[in-house]
Amino acid sequence: MPRTRRTPRLETRVVPETLAKFEQLCLAEKKTKTQLVREAILFYLDHRSKTEVRKQEEEQASRLEKIANRICGLLYKVGVESGAVARFIYEMGDDEERDTFEECHEKAVQHMRNRMTAEDKQAARNLVE
């Protein structure tokens, strides 16, 4: 008869109250101590692995949020600066130049709207809200 391979053995100590509760659980589950200990170890390892993955995902989400906030801040800054330049050009012109500026502005807005995809438009709406 071939010899069966022995697996490593684990031992630990617990206080009598914990042992009594554990033995009651063994009886209730109709399982041996070894079975329950094995299940407990496997459960713990699985839970710990999932917890580590969740923690990494939360860290990545936090980093992405910081990046998105930075980009939004930069876009806001660019918008303010270009708005100031546009306002300066508008204020420096006479009535005919202002009319031309407004016409160009409207054409530029329309051009951008026509080039936007549905996803772009939804993203723009989300930024405004």
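Derivation of every value follows stated rules applied to the coordinates shown; laboratory data play no part. This structure is a prediction, so every number in the text was calculated from the model and none was measured. For neighbour counting, all protein chains shown are included, and Cβ atoms are generated from backbone atoms with ideal geometry for every residue, glycine included.
In nanometres, what is the gap between the two model label sites at Leu74 and Met92, each 7 Å from Cα along Cα-to-Cβ?
Roughly 2.8 nm, to one decimal.
Using the alpha-carbon atoms, what tilt in degrees (0 to 90, nearest 10) does helix 16-29 show relative to the longest principal axis of the chain?
90 degrees
Treating the angle as unsigned and between 0 and 90°, give the value, to the nearest 10°, between the Cα long axis of helix 118-128 and the longest Cα principal axis of the chain.
Helix 118-128 sits at roughly 90 degrees to that axis.
For the range 1-69, which GluC sites (Glu not before Pro) pass both filters: DSSP loop (anything but H, G, I, E, B) and at most 10 other C-beta atoms within 10 Å?
Glu11
By how many degrees, between 0 and 90 and to the nearest 10, does the Cα long axis of helix 95-115 differ from the longest principal axis of the chain?
Result, in degrees: 30.
Return the single residue from Ala84, Ala118, Ala40 with maximal mean-square fluctuation; model: Gaussian network over the chain, springs between Cα atoms under 10 Å.
Looking only at Ala84, Ala118, Ala40, the largest GNM fluctuation is found for Ala118.
Across the chain, how many lysine pairs separated by 8 or more positions, or lying on different chains, have Cα atoms within less than 19 Å?
Close lysine pairs found across the chain: 6.
Looking at the range 23-69, which trypsin sites (Lys or Arg not before Pro) are DSSP coil and have at most 10 other C-beta atoms within 10 Å of their C-beta?
Lys30
Run the helix sum for the chain: -39,500 (n - 2.57) per DSSP H stretch of 4+ residues, divided by residue count, reported at 222 nm to the nearest 500 deg cm²/dmol.
Value at 222 nm, helices only: -29500 deg cm²/dmol.
Could you tell me which label, among (1) 2, 7, 8, 10, 9, 9, 10, 9, 8, 7, 6, 5, 4, 3, 2, 1, 0; (2) 2, 12, 20, 20, 16, 12, 8, 6, 3, 2, 0; (3) 2, 7, 7, 10, 9, 8, 7, 5, 5, 4, 4, 6, 5, 4, 4, 4, 4, 3, 1, 0, 0, 0, carries the value of P(r) over Cα pairs in 5 Å bins from 0, in percent calculated for this structure?
Step by step, P(r) over Cα pairs in 5 Å bins from 0, in percent for this structure corresponds to label (3).
Which value in nm describes the separation of the simple spin-label points at Ala40 and Val53, placed 7 Å from the Cα toward the beta carbon?
Taking the simple label geometry, Ala40 and Val53 are separated by 2.5 nm.
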